[in-house]
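Accompanying notes for the structure given below.
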Amino acid sequence: MPDNVTPLFPSEDNQPLDKDAIAKLSEELDTLDLDQPRKACLSCGANISESTKYRRLRVCPACGYHYTISARRRITAIADEGSFKETSKWIQSLDPLQFSPRISYRVRLLQDQSRTGLSEAAVTGTCLIGGTPVVIIVLDSSFLGGSMGVVVGEKVTLALELAARKKLPCVALVTSGGARIQEGVLSLMQMAKTTLAARALRDKGQAFIVSLSNPSTGQVLGSFASMADIIFAEPGSHIGFSPLGDLREIEGKRVDTEHTAEAYLERGHVDAIIERDRLKHELASVLDLISPEFKLTSSRRLVAETVAVRPREAWDMVKLARRHDRPRARFYIDNVFANFFELHGDRVYTDDKSVIIGLARLGGQSVMIIAQQKSTITPTGDNENTAPRSGDITPGGFRKARRGVILAETFKIPVVTIVDSPGPKLGIEMEQRGLASAIARMIDQMGRVKTPTLSILIGEGGSEAALAFGLADRVLMLENAIYTPIDPERGAQSEMSDPTKAADIARALKLTSVDCVEMEIVDEIVPEPELGAHGSPDEAARLLKRALMREMSALTGKNTKTLVRRRQKKFRKVGEYGNRYRTTLRRETKVWQVGLAAGVRAFRQSGGTDKSPEFVDDDDILDEIDELDEIAIQSDDELELT
């Protein structure tokens, strides 16, 4: 062994090398080397011998099949030229358990080292990706299947700790299958080590991005790889904790499509499927967004604008907010923000399409967008303004949104929420999936997130869905949007047993933008074009962008602790027992108290005779109430001074 190799376990002189075993194993593995250039595609049979794409990236230009490639080739494909510097290169394990059932573990290690040119299955180091410095981890499946033993676990942990110490994002390219059984329980313990290191990196506020390739299974997927903030996958990759053979045996049937990158994306475990030739660009774009160098500021002191709201009946605003041609969240994302990169999944079970989360820029400022996308169902008949009632948010949608808030806090970027939904989706299945818990956790996360938050109601602000997404430092509302705890039709049915009285209930609910500002639930109204947002969507987007940029420039310079404190105080004051409400409630209580006391005194004065009781004059009662009010107000003032 070279002098510059640092073994984690000392070698044993009594364990000889078996040259015949090495030769036999080399012959077996050479036939399985998928990194060797081929003339015809294994998947579609197309001629790939002359393809530049295949020679450079090992991707079939005809069918897009992604072949296995070496760690060095992966690094070359994504790192800026000449920027990679390897770390922990010479850490090496030499059979800690002396495992040798058929061919000794030491022989297998030396054979793979000779064949791949690697000291272990993991290559770590630092590099630039699109000009952004990162720590990089690459697992090579051609070295003992890319499984995680003591050395792999140590190198991964050291790389994650380096990223945390240097305050750099970390990118991991993973191809790994199975467990390193030759190292026994020592291999199993690496799951804990690497998972804790990934968590420590997140606690330091640094991003962790993982790209999964074929295969990505076992202990690596069950540890640090699934701790990533953002997870990409190559098309058609075999992804899953259990190997395909085990699943086929357990399920009793062939398992193929259920264990692929596409299935993982559908179930909310992967953010995006990225082809190999696009990976560097997408990584560079995301790294730019989560490592912001610019902040949105105002060139002059902002003064609150007075918006002239056109007088409309409450029910007319309800119909405007529900119009099928009214711009929705996706339109505003495309026309107000730039460089939007969508993320997917709640990391539990689903990817709710009615919730959109992703990274974007607002006037050069990186932000996390969390939007409610109401589905577009074209209504027919007489109910064209009230028909679209879909787009309801599932528990998975609330969890997906909450994940977006957590990522924004990790990346230290502001949150912009877009509210437009009739409310959460109801039903027995939703209850079983934890709807109430998902709503509560989203409200809690929005209330305590340590980053600026800005919310805009663009259409229907329906009940708990609107509140959970709208608990922000600043809440804006389009002129013709509504904010309501219940559909007016349901309210009319409940209160008046007549759904046709919805217009009367809408007026009583105080659900318009003007009502919400007067009740201090909303901070500012954003004007719409004369005919409404549906009449001129581009103009509506321009007005909204201007309002969002004004508000964001005022928020970004504030201390996060101050923002959290003011945010919680703001919502604590909504409908609180404060000075205004306290005075009214106290006066009513005193009227009852004084009137009751006067009645008791009058009854006692009667002395049990037939003489009618003499009640105290109304003026005397009012004078006594005023005296009590002055004493109470003086007590309140003294309490506030202390």
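The values are calculated or read from the model by the stated rules, or taken from the named source; none is laboratory data. The model shown is predicted, which means the values in this text are computed figures rather than measured ones. Neighbour counts are summed over all protein chains in view; Cβ atoms, including those assigned to glycine, are modelled from backbone coordinates with ideal geometry. Heavy atoms of the whole protein, side chains included, go into the accessibility calculation; ligands, DNA and RNA do not. Shrake-Rupley method; radii C 1.70, N 1.55, O 1.52, S 1.80 Å.
So here's what we get for this one:
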item: Test: Ala308 is over 22 Å from Ala360 (Cβ atoms), open to solvent by 80 Å² or more (accessible area, probe 1.4 Å) and either in contact with a His (Cβ under 9 Å, 6 or more places away or on another chain) or small (Gly, Ala, Ser) (or both); result: yes
item: For Asn385: the one exception among (1) modelled with pLDDT under 90; (2) outside any loop (DSSP other than H, G, I, E, B); result: (2)
item: Residues of the stretch 530-547 satisfying the condition of being in a helix (DSSP H, G or I) and among the charged types (D, E, K, R); result: Asp538, Glu539, Arg542, Lys545, Arg546
item: Only one of Ala172, Ala163 that is in contact (Cβ under 8 Å) with a residue 24 or more places away in the chain, out of contact with any helix residue (DSSP H, G or I) (no Cβ under 6 Å at 6 or more places or on another chain), under 23 Å from Ile78 (Cα atoms) and surrounded by 21 or more Cβ atoms within 10 Å (Cβ to Cβ); result: Ala172
item: Test: residue in the stretch 136-151 that is closer than 25 Å to Lys412 by Cα and buried (at least 16 other Cβ atoms within 10 Å of the Cβ); result: yes
item: Filtered residues of the stretch 404-440 (kept if buried (at least 24 other Cβ atoms within 10 Å of the Cβ) and charged (D, E, K, R)); result: Asp420
item: Tabulated pairs, the stretch 208-225, first part of a helix (DSSP H, G or I), second open to solvent by 10 Å² or more (accessible area, probe 1.4 Å) and of a type in the set (Val, Ile, Thr), C-beta under 7 angstrom, 6+ apart or interchain; result: Phe224/Thr195
item: Selection status of Asp112, out of contact with any strand residue (DSSP E or B) (no Cβ under 7 Å at 6 or more places or on another chain), open to solvent by less than 20 Å² (accessible area, probe 1.4 Å) and among the charged types (D, E, K, R); result: yes
item: Unique residue being modelled with pLDDT under 95, over 20 Å from Ala466 (Cβ atoms) and among the acidic types (Asp, Glu) when the list is Glu342, Glu313; result: Glu313
item: Single match in Arg550, Arg566, Arg542 (criterion: open to solvent by 50 Å² or more (accessible area, probe 1.4 Å), under 20 Å from Ala360 (Cβ atoms) and not aliphatic (A, V, I, L, M)); result: Arg542
item: Filter result (of a type outside the set (Gly, Ala, Ser), more than 16 Å from Thr417 (Cα to Cα) and surrounded by 17 or more Cβ atoms within 10 Å (Cβ to Cβ)) within the stretch 553-563; result: Leu563
item: Matching entry among Leu585, Leu596 (being at pLDDT below 75, among the aliphatic types (A, V, I, L, M) and open to solvent by 80 Å² or more (accessible area, probe 1.4 Å)); result: Leu585
item: Residue among Ser226, Ser211 that is within 28 Å of Asp288 (Cβ to Cβ), open to solvent by 50 Å² or more (accessible area, probe 1.4 Å) and not basic (Lys, Arg); result: Ser226
item: Wholly enclosed helices (runs of 4 or more DSSP H) of the stretch 428-474 bearing at least 3 residues of a type in the set (A, V, I, L, M, F, W, C) and over 19 Å from Phe411 (Cβ atoms); result: 435-448, 463-470
item: Given (1) under 22 Å from Val419 (Cβ atoms); (2) touching a strand residue (DSSP E or B) at 6+ places or on another chain (Cβ under 6 Å); (3) part of a loop (DSSP other than H, G, I, E, B); (4) not hydrophobic (A, V, I, L, M, F, W, C), number of the condition Arg310 does not satisfy; result: (2)
item: Qualifying residue in the stretch 476-489 (condition: more than 31 Å from the chain's Cα centre (by Cα), surrounded by fewer than 17 Cβ atoms within 10 Å (Cβ to Cβ), outside any loop (DSSP other than H, G, I, E, B) and modelled with pLDDT under 90); result: no
item: The stretch 490-507: number of residues that are in contact with a Gly (Cβ under 8 Å, 6 or more places away or on another chain), free of Cβ contacts under 8 Å to residues at least 24 places away in the same chain and surrounded by fewer than 23 Cβ atoms within 10 Å (Cβ to Cβ); result: 0
item: Tabulated pairs, the stretch 186-207, first surrounded by fewer than 17 Cβ atoms within 10 Å (Cβ to Cβ), second basic (Lys, Arg), C-beta under 7 angstrom, 6+ apart or interchain; result: Lys204/Lys167; Gly205/Lys412
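Conditions (1) under 30 Å from Asp420 (Cα atoms); (2) at pLDDT below 95, marked per residue:
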position: Met227; (1), (2): no, no
position: Ile231; (1), (2): yes, no
position: Gly245; (1), (2): no, yes
position: Ile250; (1), (2): no, yes
position: Thr260; (1), (2): no, yes
position: Thr306; (1), (2): yes, yes
position: Val318; (1), (2): yes, yes
position: Arg322; (1), (2): yes, yes
position: Asp325; (1), (2): yes, yes
